[in-house]
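Taking it in order: structure first as structure tokens, then the write-up.
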């Protein structure tokens, strides 16, 4: 399964399109613009709300927040925050792959409103409208992307629609279980959906990280082993599926060790240690390094190792791998697609450091000093909120404005 990152510098105008009029408002020109901006803002807001909930501050939320606060937090970080970034990336990538518009203007604005309506209703309820509106978002995007891919005859990337449909099905399952008062099964759907996001990190990372590394470090030869490349995606999915279905802990541990070993072998072949001093590249490798770490923790948790909880493993994937990959890609692709240099500035580097610190504090803090578990959570949450708030402050203006080089997108 192959995936290509959208060209970080130039997206050609779609075939048959008319030259764009010069406009100072460009938020709905291409998918990454509204969804990167809204997704990052929501990532900061949702964590702020969660810290308030943990502090005992009474909040007037309905549906999930009232019935299952942990479920609300998990759902919104996966199906709210991560889903927005994934959709923004794929709307941009498919346009680059096919040379055809995916969604722009009114269509793109409508998608953004649909996503936002889902966030509001999941917060406020009622439950059924929340499930229907929130559940519609990913299937609608999958349908739009599949239409573009089919018109372009781009069959090798049909899997994008299939992944989004599977992601959407797990979201629907979450709502069904939540309405049926089965929070345990709802969380299982979240665990499986986290596996889909991790799979995307692995697939996209496996394509772009060695390419970017080779471009930045001429003469550095990355190695790829066929058996590793063939096995990494199936092993990743198998480990998460086994965990989501709560099968025997030994089997989960074995699959997690195999998956983690495959990801670690990739990094060894990529010569990840050679990227020091290049922050915009190093953050990709650092984010990917959380995958073998997460699978190691998942294996230990499945075996009942003291102090190593399932939650720590999930946060290694969520805060470390997914959070790190997201901040890496939303800075890099936003820079490229707004016509800015592909060099991290001080604010980008601060975002990278804060997200990595959030992951380390959330995962390794409780391991080192379990008695201060709450303090570690708050420290990690503050770092996360600061990282994505800083991203919004740094990139809001470029995302609203046309490209600096005058090209489409």
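Only the coordinates and a few stated rules stand behind these numbers; no lab work does. Note that the structure is predicted; figures quoted are calculated from it, not measured. Cβ atoms come from the backbone with ideal geometry, glycine included; neighbour counts cover every protein chain shown.
Quick check: pseudo-label points 7 Å beyond the Cα along Cα→Cβ at residue 223 and residue 378, how many nm apart are they?
Placing both labels 7 Å along Cα→Cβ, they lie 4.8 nm apart.
Taking Rh as the Kirkwood radius computed over C-alpha pairs, what is the Stokes-Einstein D of the range 24-181 at 20 °C in a medium of viscosity 1.002 mPa s, expressed in µm² per second?
Rounded, D is 133 µm²/s.
Figure the gain on full extension for residue 159 and residue 310 (residue separation times 0.36 nm, minus the Cα-Cα span) and round it to one decimal in nm.
51.4 nm
Compute a Gaussian network model of the chain, connecting alpha carbons closer than 10 Å, and tell me which residue from 340, 276, 332 fluctuates the most.
Checking each option, the largest mean-square fluctuation is seen for 276.
With the chain treated as a Gaussian network of Cα nodes joined by springs under 10 Å, which of 116, 108, 217 yields the largest mean-square fluctuation?
So, out of 116, 108, 217, the one fluctuating most is 217.
When only C-alpha pairs under 8 Å and at least 6 residues apart count, what is the relative contact order of the chain, in percent?
Value for the chain: 21 percent.
Can you grab the distance from the C-alpha centre of the range 323-366 to the C-alpha centre of the range 181-252, Å, no decimals?
The range 323-366 and the range 181-252 have Cα centres spaced 20 Å from each other.
Just want the ordering: 37, 146, from fewest to most Cβ atoms lying within 10 Å of their own Cβ.
Ordered from fewest to most neighbouring Cβ atoms within 10 Å, 37, 146 come out as 146, 37.
Hey, fewest Cβ within 10 Å first, where do 64, 170 land in order?
Ranking 64, 170 by Cβ neighbours within 10 Å, fewest first, gives 170, 64.
So what is the 222 nm mean residue ellipticity for the chain from helices alone, if each DSSP H run of at least 4 adds -39500 (n - 2.57) and you divide by all residues, rounding to the nearest 500 deg cm²/dmol?
Taking each H run of at least 4 residues, the total per residue is -24000 deg cm²/dmol.
For the range 216-404, rounded, prolate or oblate, judged on the Cα gyration tensor with a ≥ b ≥ c (square roots of eigenvalues), a/c < 1.5 rounded, else prolate if a/b > b/c?
Since a/c reaches 1.5 but b/c is at least a/b, the shape of the range 216-404 is classed as oblate.
Label-point separation (nm) for residue 397 and residue 368, each offset 7 Å from Cα along Cα-to-Cβ?
3.8 nm
In nanometres, what is the gap between the two model label sites at residue 216 and residue 107, each 7 Å from Cα along Cα-to-Cβ?
3.4 nm
What shape does the range 335-379 have by the C-alpha gyration tensor, where a ≥ b ≥ c are the square roots of the eigenvalues, rounded means a/c under 1.5, and otherwise prolate means a/b greater than b/c and oblate the rest?
Here the range 335-379 falls in the prolate category.
Sort out for me the Cα centre separation of the range 379-394 from the range 104-138, rounded to whole Å.
24 Å
I need the P(r) histogram for the chain: all alpha carbon pairs, bin width 10 Å from 0 out to the longest distance, whole percents.
Pairs per bin, as whole percents: 5, 23, 34, 27, 9, 1, 0.
Note the full-extension length gain between residue 120 and residue 176 as 0.36 nm times their separation in residues minus their Cα-Cα distance, in nm to one decimal.
Between residue 120 and residue 176, full extension yields 18.3 nm more.
Between residue 268 and residue 128, take the C-beta separation as r, use R0 = 45 Å, and let me know the FRET efficiency to the nearest 0.05.
E(calc), rounded to 0.05, equals 0.35.
Which residue fluctuates the most in the chain, going by a Gaussian network model with Cα springs under 10 Å, if the choices are 75, 310, 175?
310
Using 0.36 nm per residue of separation minus the Cα-Cα distance, give me the extension gain between residue 343 and residue 143 in nm, one decimal.
68.5 nm
Quick one: if the Förster radius is 22 Å, what FRET efficiency do residue 230 and residue 151 give, using the C-beta to C-beta distance and rounding to 0.05?
Computed FRET efficiency for residue 230 and residue 151 comes out at 0.10.
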